[in-house]
Amino acid sequence: MKSSFRWYGESDPVTLQEIRQIPGVKHIVSAVYDVKPGEVWPKESIKKMVDECAENGLIFDVVESIPVTEEIKLGRPERDRHIENYCENIRRCAKYGIKCVTYNFMPVFDWTRTQLDKKAADGSTSLVMYWSQLKNLDPLHDDIHLPGWDSSYSQEEVRSLIKAYGELGEEGLWKNIEYFLKRVIPVAEECGIVMALHPDDPPYPIFGLPRVITCEKNLDRYLSIVDSPSNTLCLCTGSLGCSKENDIPRLTRKYSAMHRIGFMHLRNVRILEDGSFEEAGHLSQGGSLDMNAIVKALTDTGFDGYFRPDHGRMIWDEVDSGARAGYGLYDRALGCAYLNGLIEANGGSIE
Ligand code: DNO
């Protein structure tokens, strides 16, 4: 399998020089960040990142993400133009050597947390979602401040989007997913790109917004809409694993055996009694997931796609600006080292 690491480009305090020293990591996961969702990425921007990575002995070949706009998710009139631009971005990425594109279909908010710097007993901090902090929020009447998303939309925009999704409902969202996939997957297939869908994080409705990429039944439904090797999952263990219903080692084995995992996000999560959760370090004993069973499912099925450590805690006085919560260097690098050990011990190999 291929070991990768997320890098936010030039403005990332984590440098490519640092990343290349993490054992096993050869691939960079990134995106063009200065273009509005729905618009076309300049070729020069993609090329510049590819070149910069190559100068540092790394390969930029995984994109996370090309965002799917609310217009596409809601099926609004602008969607055809946005989908055309999406396809053009896929073609451009392919031209510069990208092999895998990650994306998600979450309405309004991508990942949802209530605090980004919850201190653990050992002094490390991590992202958490506590129902006690979330349940009193009513975004239709109150101003909500979700850490990480405060500046994305105005309160008015959030309200009108939540109303629009309420009217759309789950089946409406499925229709729009189908519309998108039927246009985008054939282009990806033609260009040799694998599209990897990130699950909803957490995998259940929040604020009444429909969320459908949440469980086995719905993942099966998603994959069956377009039965193509280019229509795959970004199986994020920490996101899907926030729900006790999802048996992550079994799902990993199943979808890997079907060759429908393009990208693995490997991270642990600790589920609390009331369904709240805390992002733990990668080690199995720190959280609710059996990380070894997950890696074993990959090695047993000959998984040869990309994986990356997912969010790390903040440790060793590393400072997190909040803008890229979970993406410091140290704990993610520790995650890589741990995953390397699990892969090797299970007879797998890192290309
Ligand atoms: C969080 C990430 C997600 C992921 C997107 C993919 O840190 O795992 O934000 O990048 O959902 O579209």
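Around Ser276, what is the net charge, scoring Lys/Arg as +1 and Asp/Glu as -1 over all other residues with Cβ under 15 Å from its Cβ? Local net charge: 0. A simple spin-label model places the labels of Asp138 and Ser11 3.6 nm from each other, with each point 7 Å out along Cα-to-Cβ.
Using a simple charge model, +1 on the beta-carbon of Lys and Arg, -1 on the beta-carbon of Asp and Glu, nothing else, what dipole does segment 2-345 show about its Cα centre, in debye to the nearest 20? Its charge dipole is roughly 820 debye.
With runs of 4+ DSSP H residues as the only contributors, calculate the mean residue ellipticity of the chain at 222 nm using -39,500 (n - 2.57) per run, divided by the residue total and rounded to the nearest 500.
Details: 11 runs with 130 residues, N = 351.
That calculation yields -11500 deg cm²/dmol at 222 nm.
Stretching the chain fully between Gln285 and Glu190 yields a gain of 29.9 nm (0.36 nm per residue, less the alpha carbon separation). For the chain, the share of DSSP beta bridges that are antiparallel, to the nearest 5, is 25%. Just so you know, the averaged projected area of the alpha carbon convex hull for segment 235-345 sits at 7.2 nm². Ranked by the mean number of other Cβ atoms within 10 Å per residue, highest first, peptides 115-123, 247-255 order as 247-255, 115-123. Grab the Cα-Cα distance for Trp131 and Glu216, subtract it from 0.36 nm times how many residues apart they are, and report the gain in nm with one decimal. Residue separation times 0.36 nm, minus the Cα-Cα distance, leaves 28.2 nm.
All C-alpha to C-alpha distances of the chain, sorted into 20 Å bins beginning at zero, yield P(r) values of 31, 63, 6 percent in whole numbers.
Placing pseudo-labels 7 Å out from each Cα toward the beta carbon at Ile59 and Ser224 gives an inter-label distance of 3.5 nm. Taking a ≥ b ≥ c as the square roots of the eigenvalues of the Cα gyration tensor, segment 1-119 is classed as oblate, since a/c reaches at least 1.5 and a/b does not exceed b/c. Ellipsoid fit via the Cα gyration tensor, segment 112-245: semi-axes of 30, 20, 14 Å, each the root of five times an eigenvalue, largest first.
If I require 27 Å or longer along the helix axis, counting alpha carbons, and a Kyte-Doolittle average no lower than -1.0, what helices from the chain are left? Use full DSSP H segments. Walk me through the intermediate numbers first.
Values: long enough: 155-191 (40 Å, -0.34).
Membrane-span-like by this rule: 155-191.
Inter-label distance, Ser160 to His145: 2.4 nm, where each label sits 7 Å from its Cα along the C-beta direction.
Loop-located trypsin sites (Lys or Arg not before Pro) in segment 17-66 (DSSP state other than H, G, I, E, B) with a sparse environment of at most 15 neighbouring Cβ atoms within 10 Å: Arg20. Using the Cβ-Cβ distance between Asp34 and Lys182 with R0 set to 35 Å, the FRET efficiency works out to roughly 0.70. Summing Lys and Arg as +1 and Asp and Glu as -1 over all other residues whose Cβ lies under 10 Å from the Cβ of Pro13 gives a net charge of -3.
Values in this text are rule-based calculations from the coordinates and carry no lab data. Because the structure is predicted, anything quoted here is derived from the model rather than measured. Cβ sites come from the backbone with ideal geometry, for glycine too, and all protein chains shown count toward neighbours.
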